[in-house]
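Participant: Before we start, here is the structure in question, set down as structure tokens.
The values are calculated or read from the model by the stated rules, or taken from the named source; none is laboratory data. It should be emphasised that the depicted structure is a prediction, and the values quoted were computed from it without experimental measurement. Here the Cβ is made from the backbone with ideal geometry for all residues, glycine too, and neighbour counts use every protein chain on show.
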Amino acid sequence: MKSKNSGQREKGTKLLSVRNLHVEGFSDERWHPIVRGVDLSLKRGEVLGLIGESGAGKSTIGLAAMGYAKPGCRITQGSILFDGIDLLAMAETARRRLRGSRIAYVAQSAAASFNPAHRLLDQTVETVVAHGIASREAANRDAMKLYRRLHLPDPDTIGFRYPHQVSGGQLQRAMTAMAMACRPDLIVFDEPTTALDVTTQVEVLASIRKIVEEFNTAAIYVTHDLAVVAQMANRIMVLRHGRTVEEAETRQMLAAPAEDYTRTLWAVRKLAKPEVPAADHLLTIDNITAAYAGKVKVLQDVSIKVPRGRTVAVVGESGSGKSTLARVITGLLPPVSGSISFAGHRLPRTLKERPKDILRRIQMIYQMPDNALNPRQTVEEVISRPLEFYLGLKGAACDRRVGELMHMIEMDENFLDRLPGELSGGQKQRICIARALAANPELIICDEVTSALDQIVQEEILKLLMRLQQEFGVSYIFITHDIATVRAIADEVVVMHQGKVVEQGLKTEILTPPHAPYTELLLSSVPEMDPDWLTKLLETRERKRVGAAN
Amino acid sequence: MTSTEHVVAVSRQRRTRASRVKTALKKAPFSAWFGIVVILGYVFVALLAPWIAPYGETQVFTEAFAPWSQEFIVGTDQLGRDVLTRLIYGARNTIGIAFATTLLSFAVGVTLGLLAAMYRGWLDQILSRAVDVLMSIPSLIFALMLLSIFGSSVTSLILIIALLDSTRVFRLARAVGLNVAVMEYVEAAQLRGEGPRWILTKEILPNVLPPLIAEFGLRFCFVFLTIAALSFLGVGIQPPTADWGSMVRENATLITYGDITPLLPAGAIALLTVSVNFVVDWFLHATSGLRDEK
Amino acid sequence: MNPVVRTVLQRLGLGLITLFIVTIIIFSAIAMLPGDFAKAMLGQSATPETVAAFQREIGIDRPPVERYFAWVGQIVQGDFGSSFASRTGYRRTVAEIIAPRLYNTMFLAVMTALIAVPLALGLGILAALYRNSWFDRVVNTVTLTTISFPEFFVAYMLAYLIISRDTFIGTEFAQSLPEWLAASINWVLNLVPKFPTLANISDQTPFWEHVWRAALPSITLTLVIVAHMMRMTRTAIINMLASPYIDMARLKGMSPMTIVLRHALPNAWAPIVTVIAFNLAYLIVGVVVVEVVFVYPGIGQLMVDAVKSRDVPVVQACALIFAATYILLNLTADIISIATNPRLLHPR
């Protein structure tokens, strides 16, 4: 405990104290350390944010705070004191009684974590009834009150629905109600909004924060999203490779991070490129309407212009049709109507009709480099195939070009013999970029290429893409749901919603007010690093709602 | 300079792969080792049958059901043929026919299954529905019916069992093929403009190989047991060809006198299938382990 | 319409279509008979007249479509035609040959299922709950071994065991052992009930006598299918226990019993029922071999004899009964899976 934070700790007495926690996970026939000696403490009513990249051990610590290790994991060392009780020393039955009654958990994927066979209400009150805290009737009535407080629609009847009958955002709030049902002293939130769209996320964050404050519940909030944790936590702990990097009160941490690693996490958010207007257009999409076989239209009357040598960011939430747009451009999904022209020529509708040279000039990079690389092909095979296929390069000429491409993506030639399974996520994405570049394309469609990567790696990939654009004048269509990415890379922005284009224009035009109503909603919902952002946003929205009502 | 680095890197890679196999073998449990040794033994006997066997396959001696002795180590059968000789030739015949059948069944099933997974659409629909219907009749029953029509020759036996078994191979190949065919690297190859041959052999096949190899072992066991059962029932491999299934039936009466001779061919069948199953079990475990490792 | 009802009706319709196609395939068996089949059946002494009469009897002179519908029409009324073996002397219908044997086979199958299904489910669930324990490992190795055994191997092993009760002490092997060891082995062997190794059953056999005589075939079949069913149950339960909602239940502090009964089981019906149906279908096949080994007068043995004598109408009838049972079992499994699926029971 650092003395500089003590001023903020007056909220309550000490609730949780974890000392020298070590957790190991079993894989590849042996035990590997996941958490290596972490200390943390929490007072009543306090919210601690655990933040870090993938593999930092943040979820594992969250679960360990409940005295629980996932199947295949074990707590090897350390002590966990909850309200003076040693969780690791007590009997399993006693620990079980504690879980659900005094410590509760909210999982990342509510859709998978609710049992599909039971009604929401029955699952919400299960612990209350099982631990004999209240009668079923009283518990049901209380659950409905909780649903109302969490702003669930139809709070008196929604409990009688089954999990598959309600939306993801509602499920996440129902899960919070389930955790609250016993009025626990501590709730562990494990990335509760990661799977949600930003506009939904705002509502869930607001509900969670309100109810945690109302009941003065202590919470551990696990997330990889700095802006989110800034809204939720009183105190933030930064983790890396299972160790604590630093820990501080939220405002202080945001204002003046002490460690280099923390600063690199912060810096990523500030990447921004000045836009450059385009001289002419490479790709013109005219009134495209598209639908999957026998289903409703996914794209309606979409028209977009892609400038040569520039980046168009296509922004939208899930269901906006942005990925379908990529499938139409590449010819995987022939449009129902409308046309696309590429470099002055009309593009054939289907993939089969397109000549090889057209295919070469439009390349694609995917969201998940794991899925986009054949796990049985070496890096060399992956990169050299387009060279051989499109350009007819063989032997020494091909080897030389592969070497150049590796140089361009800033990777060592030693990697050429590796299989994708032996590379990190960022390295894999670089190989995908090299594969696209090998074709000497004029247009690269980037479908959420950074969203599966950790923040720091995202920044490196974005910088690489920008540098390659400057060097080779290639155009990007950058499909993303992340506004920070748009700021970082776009010249022009297209906002999509439910299969339609809402707005299109230069980045500054779109990102500065006045906005179209949907763009306004989308932009205002993106969490900012300001700890007061959520409070201000809710106030603004409330004012508008009242204003509209009057 | 670059090329030497390259060579060094390649050899390092090769060594890691070889060593990976070696460590996997080293970690293999006793059951897997047992299986491997037994299978090698069977293959050895099957290949060298004419040189190992003490007598000719159909050579008849005067005494039927002779007891175990120096001359006939495990006695003679109902016609006075040496049982040990018949067991050795049986390895060659029974395993050979089962292996040929499994190969044929795989050639048909894997090809059609992967094509169905790749093209989907009407081809997949037709093949899948046809397989549904074929699989709605238990395969031994179907085989019995077809054999009653076409008669029990080795050719019709192989063709009928291979056809019936290929339906199961088809299902598996299609399922694993579909899992791979929806991967983005396959889509990337399509976008590149690659033809179906490249996509099938370079993108899909290498990734479905481990489950298919495991399945080959299991299907072999199944085919082997089916043929043995048919032969035991007297409608499979026909006399005078030496075959384990028929040998059990021919000598079955000895059991009632407490003589274990008929259990020998039955045990030979059991030992081989047990061994294959042990190896497959370990192989599945080892390959899934490699995948987890990433 | 309620989606459950709709899906069930769809599955029933699909089942009927499958059955229809199966009848066409089985019917084609006659149409596919080689041209010289009549001669082969009747032997070298057959005159052209008898051959023609035989062909008329099996109906080769009429168009196939007409014959098919006539055949199906008869089957619906329970008439499977007459056996080829009946042409000399009096006419024996397939139905009268099959009826008593079908009863015997059903008897054996039901008896086996009653033992095997609870045993396999119990063992499978235990192995899943205590996975990677010594219990799981032993059960895993034992079942992997028995799965690999041909049915007749298991059958003869059991038969040999029972015969050894009486013969063991007289064998050279027993005499070569120390006396106390031979005696104790003999004592253990004599603990095995003296099940009949040949199942002589007639329609006069009383019920419990029937059970007693069918014991050995039933135990053989049980050993064979329990291994399969248990392994599949174990896998199904383990997959189920890996779901996030089971983790959630653990984190809610539910007891292991509550987790299995309240959280896993309601979602486990579909996989478990599928496993049961798959293995009961496997039982059908096992029945054929086991009936032959123990000379149990059931439909499987009948079918094998008919295949050997190429008595096609009997083969067809048996194949149809087996196929229809198989289709029915799978259909039942499907319907139970559909009827326990919360997504279908409670549509949006």
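Participant: Going by the structure shown, is C:Ala70 closer than 20 Å to B:Phe142 by Cβ and either in a helix (DSSP H, G or I) or modelled with pLDDT of 75 or more (or both)?
Facilitator: no
Participant: Further question: Would you mind listing the helices (runs of 4 or more DSSP H) fully within the range A:446-550 where at least 1 residues are more than 26 Å from A:Val204 (Cα to Cα)?
Facilitator: Output list reads A:455-472, A:483-489, A:507-511.
Participant: Determine, yes or no, whether A:Val449 is in contact (Cβ under 8 Å) with a residue 60 or more places away in the chain, surrounded by 17 or more Cβ atoms within 10 Å (Cβ to Cβ) and under 22 Å from A:Asp280 (Cα atoms).
Facilitator: no
Participant: Hey, another quick one. Answer yes if at least one residue in the range A:395-413 is part of a loop (DSSP other than H, G, I, E, B) and basic (Lys, Arg), and no otherwise.
Facilitator: no
Participant: Here's a follow-up. Pick out, from the range B:1-95, the helices (runs of 4 or more DSSP H) lying fully within it that include 2 or more residues that are basic (Lys, Arg), more than 30 Å from B:Thr287 (Cβ to Cβ) and at pLDDT 75 or above.
Facilitator: So the answer is none; nothing clears 2.
Participant: For the range A:80-148, which helices (runs of 4 or more DSSP H) that fit wholly inside it have 2 or more residues that are at negative phi and hydroxyl-bearing (Ser, Thr, Tyr)?
Facilitator: So the answer is A:120-130.
Participant: Between B:Val276, B:Val248, which is within 11 Å of chain C (Cβ to nearest Cβ) and either among the aromatic types (Phe, Trp, Tyr) or touching a residue at least 40 places away in the same chain (Cβ under 8 Å) (or both)?
Facilitator: B:Val276
Participant: While we're looking at this one, here's another question. Kindly list, by first and then second residue, each pair from a residue in the range A:388-407 that is under 17 Å from B:Arg192 (Cα atoms) to a residue that is hydrophobic (A, V, I, L, M, F, W, C), limited to pairs with Cβ atoms under 6 Å and residues at least 6 apart or on different chains.
Facilitator: Correct list of pairs: A:Tyr390/A:Ala439; A:Leu393/A:Leu387.
Participant: Is there a residue in the range C:193-211 that is polar (S, T, N, Q) and in a helix (DSSP H, G or I)?
Facilitator: no
Participant: Looking at the range C:129-184, which of the residues that are of a type in the set (A, V, I, L, M) and touching a Ser or Thr at 6+ places or on another chain (Cβ under 7 Å) is farthest from B:Leu254 (Cα to Cα)?
Facilitator: Checked the range C:129-184; the qualifying residue farthest from B:Leu254 (Cα to Cα) is C:Val154.
Participant: Take residues that are β-branched (Val, Ile, Thr) and surrounded by 17 or more Cβ atoms within 10 Å (Cβ to Cβ) and tell me which of the strands (runs of 3 or more DSSP E) falling wholly in the range A:204-274 contain 3 or more.
Facilitator: A:218-223
Participant: Could you tell me which residue of the range A:102-139 is surrounded by the most Cβ atoms within 10 Å (Cβ to Cβ), considering only residues that are of a type in the set (S, T, N, Q) and under 21 Å from A:Leu171 (Cβ atoms)?
Facilitator: In this case the residue turns out to be A:Gln123.
Participant: Now for a separate question. Could you tell me how many of the residues in the range A:20-76 are under 21 Å from C:Ile246 (Cα atoms), assigned to a strand (DSSP E or B) and within 14 Å of chain B (Cβ to nearest Cβ)?
Facilitator: Residues meeting the conditions: 2.
Participant: Restricting to the range B:189-207, name every residue that is more than 10 Å from every other protein chain (Cβ to nearest Cβ) and in contact (Cβ under 8 Å) with a residue 40 or more places away in the chain.
Facilitator: B:Pro196, B:Ile199, B:Leu200
Participant: So, in the range A:252-304, exactly how many residues are under 30 Å from A:Leu443 (Cα atoms) and free of Cβ contacts under 8 Å to residues at least 40 places away in the same chain?
Facilitator: 8
Participant: Take the residues in the range A:364-375 that are in contact with a strand residue (DSSP E or B) (Cβ under 8 Å, 6 or more places away or on another chain) and within 8 Å of chain B (Cβ to nearest Cβ), then tell me which one is surrounded by the fewest Cβ atoms within 10 Å (Cβ to Cβ).
Facilitator: A:Tyr366
Per-residue answers, yes or no, for (1) within 23 Å of A:Ile340 (Cβ to Cβ); (2) within 17 Å of the chain's Cα centre (by Cα); (3) not assigned by TED's automatic domain parsing to the domain that holds A:Gly309:
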residue	(1), (2), (3)
A:Val449	yes, yes, no
A:Glu460	no, no, no
A:Gln469	yes, no, no
A:Phe472	yes, no, no
A:Ser525	no, yes, yes
A:Asp532	no, no, yes
A:Val546	no, no, yes
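Participant: Would you mind stating whether B:Gly267 is of a type in the set (Gly, Ala, Ser), in contact (Cβ under 8 Å) with a residue 60 or more places away in the chain and out of contact with any strand residue (DSSP E or B) (no Cβ under 7 Å at 6 or more places or on another chain)?
Facilitator: Spelling it out, it is not the case that B:Gly267 is of a type in the set (Gly, Ala, Ser), in contact (Cβ under 8 Å) with a residue 60 or more places away in the chain and out of contact with any strand residue (DSSP E or B) (no Cβ under 7 Å at 6 or more places or on another chain).
Participant: Collect the residues in the range C:300-313 that are facing another protein chain (nearest Cβ under 9 Å) and of a type in the set (A, V, I, L, M, F, W, C), keeping them in residue-number order.
Facilitator: The answer is C:Met303, C:Val304, C:Ala306, C:Val307, C:Val312.
Participant: Among the numbered criteria (1) under 30 Å from A:Ile445 (Cα atoms); (2) of a type outside the set (Ser, Thr, Tyr); (3) within 9 Å of another protein chain (Cβ to nearest Cβ); (4) in contact (Cβ under 8 Å) with a residue 24 or more places away in the chain, which single criterion is violated by B:Cys221?
Facilitator: So B:Cys221 meets the others, but not (1).
Participant: Here are some residues: A:Glu53, A:Glu24. Which one is among the acidic types (Asp, Glu) and in contact with a strand residue (DSSP E or B) (Cβ under 6 Å, 6 or more places away or on another chain)?
Facilitator: Unique residue meeting the criteria: A:Glu24.
Participant: I need a count of the residues in the range A:376-404 that are more than 23 Å from B:Pro206 (Cβ to Cβ), of a type outside the set (Gly, Ala, Ser) and either within 11 Å of chain B (Cβ to nearest Cβ) or crowded, with 20+ Cβ neighbours inside 10 Å (or both).
Facilitator: So the count comes out to 1.
Participant: Something else about it: Six or more apart or on different chains, Cβ under 8 Å: which pairs go from a residue in the range C:238-252 that's facing chain A (nearest Cβ under 8 Å) to one that's surrounded by 19 or more Cβ atoms within 10 Å (Cβ to Cβ) and among the acidic types (Asp, Glu)? Could you list them?
Facilitator: From residues that are facing chain A (nearest Cβ under 8 Å), the pairs are C:Lys252/A:Glu126.
Participant: A further question follows. Could you grab me the full set of residues in the range B:175-188 that are in a helix (DSSP H, G or I) and either of a type outside the set (Asp, Glu) or more than 9 Å from chain A (Cβ to nearest Cβ) (or both)?
Facilitator: B:Ala175, B:Val176, B:Gly177, B:Leu178, B:Asn179, B:Val180, B:Ala181, B:Tyr185, B:Val186, B:Ala188
Participant: How about the range C:166-179: which of its residues are part of a helix (DSSP H, G or I), over 18 Å from B:Trp68 (Cα atoms) and more than 10 Å from every other protein chain (Cβ to nearest Cβ)?
Facilitator: C:Ile169, C:Glu179
Participant: In the range B:182-195, is there at least one residue being small (Gly, Ala, Ser) and under 29 Å from the mean Cα position of the chain (by Cα)?
Facilitator: No, the range B:182-195 has no match at all.
Participant: Let me ask something else. Look at the range A:130-153 and say how many of its residues are modelled with pLDDT under 90 and either under 20 Å from C:Ala249 (Cα atoms) or not aliphatic (A, V, I, L, M) (or both).
Facilitator: 8
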